[in-house]
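The block underneath contains the structure these notes are about, expressed in structure tokens.
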Amino acid sequence: MENRFYVTTPIYYVNDEPHIGHAYTTILADVLAQLHRVFGDEVFFLTGTDEHGQKLQNAAVKNKREPLDYCDEMVMRFKKTWRKLHIKNDDFIRTTEERHIKVVSEILQRIYDRGEIYSAEYEGWYCVHEERFWTEKDLVEGNCPDCNRPVTKITEMNYFFKMSKYQNWLVDYIEKNPDFIQPAFRRNEVLGFLKKPLGDLCISRPKARLSWGIELPFDRQYVCYVWFDALINYISAIGYLSDDKKFESWWPAVHLIGKDILTTHAVYWPCMLKAMDLPQPKTIFAHGWWLVGETKMSKSLGNVVKPLQLADKYGVDAFRYFLMREMTLGQDSTYSEESFISRYNSDLANDLGNLLSRTLKMIQSYTDGKIPAPPGDNSDNELARRFEKLIPETREKVATLKLNRAVEDILELVRATNRYIEKNKPWALAKKGEKEKLGRILYNAAETLRLVSLLLSPIMPEKCKVIQDQLGLQDDTAGNLAWGGLKPGTSIKPGEGLFPRLQQPKAEAINMTEKEELPEGVIGFEEFGKVKMRTARVLEAEKVPKADKLLKLQIDLGSEKRQIVAGIAEYYTPEDMIGKNLVVVSNLKPAKIRGVDSNGMLLAATHGKKLVLVTTDHDIDPGAEIS
Ligand code: MSP
């Protein structure tokens, strides 16, 4: 596996207020960077701010400020937010810095000299908000197709980058490099976009209209288009044209972006790099949106989720954990306080927090507050085996950006350790005086906690430090990622509970009082909302003996494995079922069917003598909510 990792976030518009969307990309980059560090890789993590362009100029004018002065003040909000959220970036680039401006200017001159840029009269519909031109047929009812705002017709001389000539090369490159644009469906989206002829890119704005930008070195009457300027941050920050050694040691990058800026990154940027004769990015990964309810966040709707408020209320680490665990990379996710609290309570309070407190309590009572001796022979040590398997799996998931799955696997080890304690009942061993076995069980539980704290520390640095402190670890043992690093005899230092349980906020009084009368047979949203449905993948299937119609299924529900019994044996064989993505009612009261436990119900459509299972249209992770 490669041992150098250069990861970037988009550079954020400095006039925006940081929200959960910005926080997500930045925390994701941070977690990936720190995980690579845990695995011993060399890492460079870059973030920053995008400070030129029309929007910024307008905001500065509105606030009666000089643009740079205004940027200097606004950039602090991002820097402060990242500090509070424990972001450990290696550099922070602002596009108004001299080191960046110089590189943009030099690149413009070089590619101009090579005939990659020409001037021409341009007529088009300009959207100030999106800072781009549209053709007549792009418009939707006369408005900008992206933001729906009115557009203005403009005819002027401008400079163009000859992007169209790279179209065939780009299609070919994307097709030959399947990991270049991820996830795969975004790659297909870009290939779809490239089926239409690709135009040249207008890269200038006349100063008469917009002065806040980087001057074109070959025509001082113009400034550079903000996206052409901004994309270059990814190379100017690591020394392109100023420090060759540094640049070559880090480039190419893994770019993390939101799906909203896919075209600029997956079309404009590769063509720009090609014109500069530079290697392409390793990966461009487009994640989905954080939604609130069904809708996008927006200032006008007043539903913007502010990361610092949440972090203040529930703790930075729990916030980081929630974001990483909850979003399936690539898909949209919905934020709600209810889902935050339920994720917190189940994973952090019940599973991880509980494992730490019960393990420490038992070590306190049964082995005098000291880590007991490890088992001499590890050959039948199920926790050690599981951990050793987890390491390469986690590496693989981190490399393929399946972070939510990696987190889930680590939590599964925590759950397995809780089950291990229940199965081996240290309290009973203590009663019977079976000291050696007791010591072994407690050592294994404490060692798993130490290793889990190392794997989760990129996500929850503070809480993992607390775990390590309470286990009595010195820094040298804390960093060792091999089973058995925990030293026997270490005095533990139990302290406060790691994740105190949270109460779900009470349903709004208004919901309780205003009960609307509904016509017979009609249900309200509230009632429907009580039925929890999730996607589930079938892991194993077998017939239920002496019951012709029943199949017993083991299913993966994302956060847990379950058994369900379904009356489908006349329609599906056990082999048919393996690997299917089902839709399952997950909060149904468990039942026994012909003496076999069934925990949940799958959905199927029936018509006459026909029965077909309800499955998902595309592949999606098990455990996805159906709503
Ligand atoms: N300045 C450009 C990027 C230039 S990169 C060379 C820009 N900035 S932005 O401030 O609008 O930030 C965009 C990024 O913020 C998105 O691509 C995404 O990473 C993140 N998000 C903004 N809103 C989001 C959500 N609601 N959900 C998830 N992430 C989104 O575009």
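The values are calculated or read from the model by the stated rules, or taken from the named source; none is laboratory data. What you are looking at is a predicted structure, and each value in this text was computed from that prediction instead of being measured. We place every Cβ from the backbone using ideal geometry, glycine too, and count neighbours over all the protein chains shown. Keep in mind that these areas ignore ligands, DNA and RNA; they rest on the heavy atoms of the full protein, side chains included. Shrake-Rupley method; radii C 1.70, N 1.55, O 1.52, S 1.80 Å.
Selection of segment 266-320 for residues being more than 10 Å from the ligand (Cβ to nearest atom), more than 30 Å from Asn177 (Cα to Cα) and charged (D, E, K, R) yields Glu294, Lys299, Lys306, Asp312, Lys313, Asp317, Arg320. Only one of the numbered conditions (1) at pLDDT below 95; (2) under 30 Å from Phe218 (Cα atoms) is violated by Arg94, and that is (1). Of everything in segment 83-122 that is over 24 Å from the mean Cα position of the chain (by Cα) and among the hydrophobic types (A, V, I, L, M, F, W, C), the residue that is most open to solvent (accessible area, probe 1.4 Å) is Ile101. Exactly one residue among Lys246, Lys282 is in contact with a Gly (Cβ under 6 Å, 6 or more places away or on another chain), at pLDDT 95 or above and closer than 30 Å to Trp169 by Cβ, and that residue is Lys246.
Selection of segment 223-249 for residues being more than 12 Å from the ligand (Cβ to nearest atom), of a type outside the set (A, V, I, L, M) and surrounded by fewer than 23 Cβ atoms within 10 Å (Cβ to Cβ) yields Gly239, Tyr240, Ser242, Asp243, Asp244, Lys245, Lys246, Phe247, Glu248, Ser249.
Provide a single number: the residues in segment 58-73 that are in contact (Cβ under 8 Å) with a residue 60 or more places away in the chain, open to solvent by 20 Å² or more (accessible area, probe 1.4 Å) and closer than 26 Å to Val305 by Cα.
Within segment 58-73, the first condition is being in contact (Cβ under 8 Å) with a residue 60 or more places away in the chain, and the residues that meet it are 58, 60, 67.
If we keep only those that are open to solvent by 20 Å² or more (accessible area, probe 1.4 Å) as well, we get 58, 67.
Those left that are additionally closer than 26 Å to Val305 by Cα: 58.
Counting residues in segment 58-73 that are in contact (Cβ under 8 Å) with a residue 60 or more places away in the chain, open to solvent by 20 Å² or more (accessible area, probe 1.4 Å) and closer than 26 Å to Val305 by Cα gives 1.
Scanning segment 202-228 for residues that are at pLDDT below 95 and among the basic types (Lys, Arg), which turns out nearest to Thr49 (Cα to Cα)? Only one residue tops the list, namely Arg205. Only residues that are over 19 Å from Ile620 (Cα atoms), open to solvent by 10 Å² or more (accessible area, probe 1.4 Å) and in contact with an Asp or Glu (Cβ under 8 Å, 6 or more places away or on another chain) were counted across segment 391-411, and they come to 1.
Within this structure, Phe78 passes the test of being under 26 Å from Thr47 (Cβ atoms), open to solvent by less than 30 Å² (accessible area, probe 1.4 Å) and touching a residue at least 40 places away in the same chain (Cβ under 8 Å). Suppose the filter is among the aliphatic types (A, V, I, L, M), in a loop (DSSP other than H, G, I, E, B) and touching a Phe, Trp or Tyr at 6+ places or on another chain (Cβ under 9 Å); does Leu329 pass it? The answer is yes for Leu329. Of the residues making up segment 1-18, those that are within 20 Å of Lys402 (Cα to Cα), among the aliphatic types (A, V, I, L, M) and surrounded by 19 or more Cβ atoms within 10 Å (Cβ to Cβ) number 1.
Only one of the numbered conditions (1) away from the ligand (no atom under 14 Å from the Cβ); (2) of a type outside the set (Asp, Glu); (3) at positive phi is violated by Asn3, and that is (3). When each of Glu447, Glu412 is tested for being of a type in the set (Asp, Glu) and in contact (Cβ under 8 Å) with a residue 40 or more places away in the chain, the lone residue that passes is Glu447. Applying the condition of being closer than 18 Å to Phe161 by Cβ and over 19 Å from the mean Cα position of the chain (by Cα) to segment 250-265 and asking which residue is farthest from the ligand (Cβ to nearest atom) yields Thr263. The residue pairs whose first member lies in segment 16-44 and is within 27 Å of Gly302 (Cα to Cα) and of a type in the set (Ser, Thr, Tyr), whose second member is open to solvent by less than 10 Å² (accessible area, probe 1.4 Å) and more than 9 Å from the ligand (Cβ to nearest atom), and whose beta carbons are closer than 6 Å, counting only pairs six or more residues apart or on different chains, are Tyr24/Leu323; Thr26/Thr47. Among the helices (runs of 4 or more DSSP H) confined to segment 412-492, the ones with at least 1 residues that are over 23 Å from Leu85 (Cα atoms) and open to solvent by 60 Å² or more (accessible area, probe 1.4 Å) are located at 426-432, 435-456, 475-478.
Applying the criterion of being open to solvent by 10 Å² or more (accessible area, probe 1.4 Å) and within 9 Å of the ligand (Cβ to nearest atom) to the residues of segment 19-51, the residue that is farthest from Thr400 (Cα to Cα) is His19.
Candidates in segment 123-136 are the residues that are outside any strand (DSSP E or B) and without any contact (Cβ under 8 Å) to a residue 60 or more places away in the chain; of these, the one that is most open to solvent (accessible area, probe 1.4 Å) is Glu136.
Restricting attention to segment 553-574, and to residues there that are of a type in the set (Ser, Thr, Tyr) and closer than 24 Å to Thr606 by Cα, which single residue is least open to solvent (accessible area, probe 1.4 Å)?
Taking segment 553-574 and keeping what is of a type in the set (Ser, Thr, Tyr), we get 559, 571-573.
Add one more test, that the residue is closer than 24 Å to Thr606 by Cα, and what stays is 571-573.
Working: Tyr571: 92, Tyr572: 35, Thr573: 60 Å².
So the residue we want is Tyr572.
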